[in-house]
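**Q** Before I ask anything, let me first share the structure, which is written out below as structure tokens.
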Amino acid sequence: MTDLRVGVVGVGVMGADHAERVVRKTSGARLVAVADADAGRAEALAGRLSERSASTARHSGGTTHAETVRVVEDPMDLIAADDVDAVILASPGFAHAEQLFACLEHGKPVLCEKPLTMDAASALRVVEAEHKLGRQVIQVGFMRRFDPEYAALKQLLDSGDLGRTLLLHNVHRNKSAPPTFRSEMIVRDSMVHEVDVARWLFGEEITRITVHTPTPTSLVGDGVLDPQLAVFELANGAMADVEVFVNFQVGYEVRCEAVAERGSATIGLGSGVFTRAGEQWGGTMPADFRVRFEQAYDIEVQRWVDATVRGEIDGPSAWDGYAAAAVCEAGLESLSTGKPVDVALADRSEVLG
Ligand code: ISE
């Protein structure tokens, strides 16, 4: 069985992490090409990973095949390349729509980092185009579904042992964010994870969102509304709330408590060693989401490769990406008004039959 030949578009923080993951940790796949607007960054990564993949092949006694990772200047050329079987899109969200249509045109399975696209209308066009293709080739990078803690929580709630789930309480804190990380990105790039988590855990669509903005922390630049407090209303009458605070200063912290009819369950309380010494007690907190969710990303990419080889997807679909985009679009309106905003969502059965 030959390895799935993967190309990565966008080798910033997330794309470089995925490229390294394909080379170092993912079986049944190999990295053949990368593309990025910053050619120097792409060249440096390709050089480093070419050496890494060659040594990995030698070390693992892998088949001796060309280990060179090449740089392709134009992402469209990478997507079209005959030696690229599947694509990981980790480019900026504004580039996703065009690149996704190119993947569909060339029939290339694609793992697209969130957001699917920048707005609901373009996301719906992607869903419709994939539906016309006649098979699912788009998987969206909502990696929390692959986190062992979230997966265990989903299994517990689906078991019915706690009865019907009534509420979700979510906390999503980043240690810090760059000045370019504006209020809208807190909704579209961060809160979007809780949008998918709520849809996935409840198995319901979000029908209304309200985004509240308390007095911002004084530790960020003018005008950034951070933290934000949002309430999601689900189609079955359940509710979810989330605090998103991207300049928390302390570390990276993501918690979720599900409250059901006969009990509650909480994840994200921290793992690792809990020490008591010298009149002190506590543990450590990761600084970055790639540390907290490293295992989730590893499982996500491995299962995506395995599913792609089977001609399937194994995780959030293009519809999930569209639904999240529609909720975030309503969230942005609520961010500006402070009022509840109904989510305008197409009828799934009409779009997908
Ligand atoms: C980042 O893009 C992620 O996806 C992280 O999971 C999230 O915590 C962070 O706020 C985003 O910027």
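Read-outs: derived from the displayed coordinates by stated rules, not from any lab. Quick caveat: nothing in here was measured; it's all calculated off a predicted structure. All Cβ positions, even for glycine, are placed from backbone atoms using ideal geometry, and neighbour counts span all protein chains on display.
**Q** Which whole-number percentage describes the relative contact order of the range 100-162, with Cα contacts under 8 Å and a sequence gap of 6 or more?
**A** 35
**Q** Would you please state which residues of the range 164-194 a label at Thr337 would reach in this model, taking the label point 7 Å out along Cα→Cβ and a backbone N cut-off of under 19 Å?
**A** 184, 187-188
**Q** Grab the beta carbon distance between Val250 and Leu229, set R0 = 30 Å, and tell me the FRET efficiency rounded to 0.05.
**A** 0.95
**Q** If you take the square roots of the eigenvalues of the alpha-carbon gyration tensor of the range 278-348 and sort them as a ≥ b ≥ c, do you get rounded (a/c under 1.5), prolate (a/b over b/c) or oblate?
**A** oblate
**Q** If we restrict to alpha carbons, what Rg and Dmax does the range 136-291 come to, in Å?
**A** For the range 136-291, the Cα radius of gyration and maximum Cα-Cα distance read 16.6, 56 Å.
**Q** Picking from Gly282, Val343, Ala37, whose Cα lies most toward the positive end of the charge dipole for the chain (charges on Cβ: Lys, Arg +1; Asp, Glu -1)?
**A** The one lying farthest along the dipole's positive direction is Gly282.
**Q** For Glu205, which sequence-distant residues (separation of 5 or more, or a different chain) have an amide H within less than 5 Å of its own amide H, given hydrogens modelled in the peptide plane?
**A** Correct list: Ala235.
**Q** Any chance you could list P(r) for the chain, counting all Cα-Cα pairs in 10 angstrom bins from zero, rounded to whole %?
**A** Calculated P(r), rounded to whole percents: 5, 23, 32, 26, 11, 2, 0.
**Q** Given contacts defined as C-alpha pairs under 8 Å and at least six residues apart, what's the relative contact order of the range 140-220, whole-number percent?
**A** Numbers: 25 pairs, mean separation 26.0, N = 81.
Relative contact order, the range 140-220: 32 percent.
**Q** If you don't mind, another one. Return the loop-located trypsin sites (Lys or Arg not before Pro) in the range 281-346 (DSSP other than H, G, I, E, B) with at most 16 other Cβ atoms within 10 Å of their own Cβ; answer none if there are none.
**A** Here the trypsin sites (Lys or Arg not before Pro) that fit, given the DSSP loop and packing criteria, are Arg310.
**Q** Let me ask you something else. Starting from the Cα of Lys25, step 7 Å along the direction of its Cβ; do the same at Val13; then give the gap between the two resulting points in nm.
**A** 1.7
**Q** Still on this structure, I have one more. For the chain, what is the charge dipole size about the Cα centre, in debye to the nearest 20, if Lys and Arg each add +1 at the Cβ and Asp and Glu each add -1 at the Cβ?
**A** The calculation lands at about 780 debye.
**Q** Oh, and also: So what is the relative contact order of the chain, in percent, for Cα pairs below 8 Å that sit 6 or more residues apart?
**A** Relative contact order, the chain: 19 percent.
**Q** Apply 1/(1 + (r/R0)^6) to the Cβ-Cβ distance of Leu167 and Val273, taking R0 = 30 Å, and write down the FRET efficiency to the nearest 0.05.
**A** Between Leu167 and Val273 the formula returns 0.40.
**Q** For a test of the definition: using alpha carbon positions, the gyration tensor, and the 1.5 limit on a/c, classify the range 308-353 as rounded, prolate or oblate.
**A** oblate
**Q** Please work out the Cα center distance from the range 284-307 to the range 115-136, rounded to the nearest Å.
**A** 25
**Q** Kindly write out, for the range 101-113 in residue order, the coupling ³J(HN,Hα) from the Karplus curve 6.51 cos²θ - 1.76 cosθ + 1.60 (θ = phi - 60°), rounded to whole Hz, with x marking Gly and Pro.
**A** Per-residue couplings from phi come out as 4, 5, 4, 5, 4, 9, x, 9, x, 9, 9, 9, 4 Hz.
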